[in-house]
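Report on the structure given below.
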Amino acid sequence: MTIRLRLVLVVALTAAVLVAAGGIAFAASLSSGMRATLEDSLRRTAQRVEAEVAAHRIPLGSSSPSADPAWDGRVVQVLGPAGQVRFTTARAGTASLLGRAELAIASHGRVVVQDDRATWRDPRLLLAEPLPGRGHRLLVVGASLDEVENAMVRVRDAFLAGGPLVVVLAVLGGWLLAGRALLPVERLRAEAAAISVTIPERRLAEPDTNDEVARLAGTLNSLLDRLQGALTRQREFVAVASHELRTPLAVLQAELELASRPGRTEGEVRQTLEVLGPRVDQLVRLAGDLLLLARGDEAALPLHLAPRRLEPLVSISLGSLCAMADARGAVLALDADPEVAAAVDDGRFQQVVDNLVANALEHGSGELVEVSVRAEHGEAVLEVRDHGQGFADDLLERAFERFTRGDTARRGSRRGAGLGLAVVRLLVEAHGGTVTARNMGDGGASVVVRLPQCGAAVDERAGVACDRTGPDHESLCDTRASTNRARSTT
């Protein structure tokens, strides 16, 4: 069922209820008003009769209808204590207008009753009260309710005829109004349906009415912007991932074809395996980075946080990168405060250090990579600095975006962080920290990671107390105590 039809049904039901309630209320008000008018007329008639009795112009004691033309058409009776008729008009008849129960009530004060006895041609409204100065005699005056009944019939007929017409008009108006109100929404729907993958940059027209429809259009355009950004990143992800995978896979394919040729010697096969090893490692790292980024996009990156002193973890990572540094003729230098601690996941934090140092070795074009660990403004700071030419100008602000690439023509400059820095940002933010990059004035680049230092706030998140003297890395700290502020062994 469409919204328009649902709105019309609600309007129809509301109109029917209002018409019915209005008709009932109007009829009740009209009946009450007319009865009040009749009662007021009866009181005036009673006062006149009382004045006539006091002046002895009305003879009491005869049960025959009065022949006085002044009382023609009037309903008047004077009754004795037992209900015997002492005076009556022709319209009132010779029988008592009050029953036994009504006589008992009227003897104590004024009472208004409605009499619908079938012997009468029309229902009557009666007012009965004790007659002043006449012992226990009662005065009864009445009036026909014909006019009230006829008015109620006319009101009923009017509502029965006009009520459905009002409902029909309300339904028609509701249908037109709903169509008019939903027209902008239908226009937005048609525009949204026209947006396709081939023209993802198309957007909905936002009216300048500053109403709900305008805000809906703005919200949908924001959603389309995010979807287009996600689509662009997905396409870029697939394209660059395919490109990154193509080279090592092509080398693997070529080497395997060579190794499978007949007549290959053991030395040649061993040489092939030596070539294949780094390529397989490259594929494994790339696949791991892609999986990590995908899990980060899904907000499903698990971390096992525990308070750790950072210097031992950084030392282990630097030790694993010594071969890479030797191959490039570079020196790794560590300047670390052994007391700096933070709540980290050991493996993920070391992955951050590995990626930053490997990136500095690969793109720094310098002979020295400096790594420092220090406390600063309540934060644990890890800084990796190289002495190359730094980030390209067009790359610096986008260095941590996945698959970012800079100017390849600039020799010695950074052509892009690939996946390494994107993984660093993902892991650092998962630890509740921040990472920034900058070019140094005297050459080279610096990447700074800031994590909440081990303290009350971090302890609460980690769920354990900060252990600065635990046994996890004590022996490593002792062996590096004398060199933690000098160049590490490379």
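Descriptive notes on the structure:
- For Ala343, nonlocal amide neighbours, meaning residues 5 or more places apart or on other chains whose placed amide H falls under 5 Å from its own, are Arg308, Cys454.
- Taking Met1, Met440, Met324 and counting other C-beta atoms within 10 Å, the order from fewest to most: Met1, Met440, Met324
- Distant-in-sequence amide contacts of Val75, defined by a placed amide H-H separation under 5 Å and a gap of 5 or more residues or a different chain, comprise Gly142.
- Cα shape, segment 3-149, gyration tensor, a/c 1.5 rule: prolate
Computed from the coordinates by the stated procedures, all read-outs in this text should not be read as laboratory data. Please read all numbers here as calculations on a predicted model, not as lab measurements. Here Cβ is always computed from backbone atoms with ideal geometry, including for glycine, and neighbour counts include all displayed protein chains.
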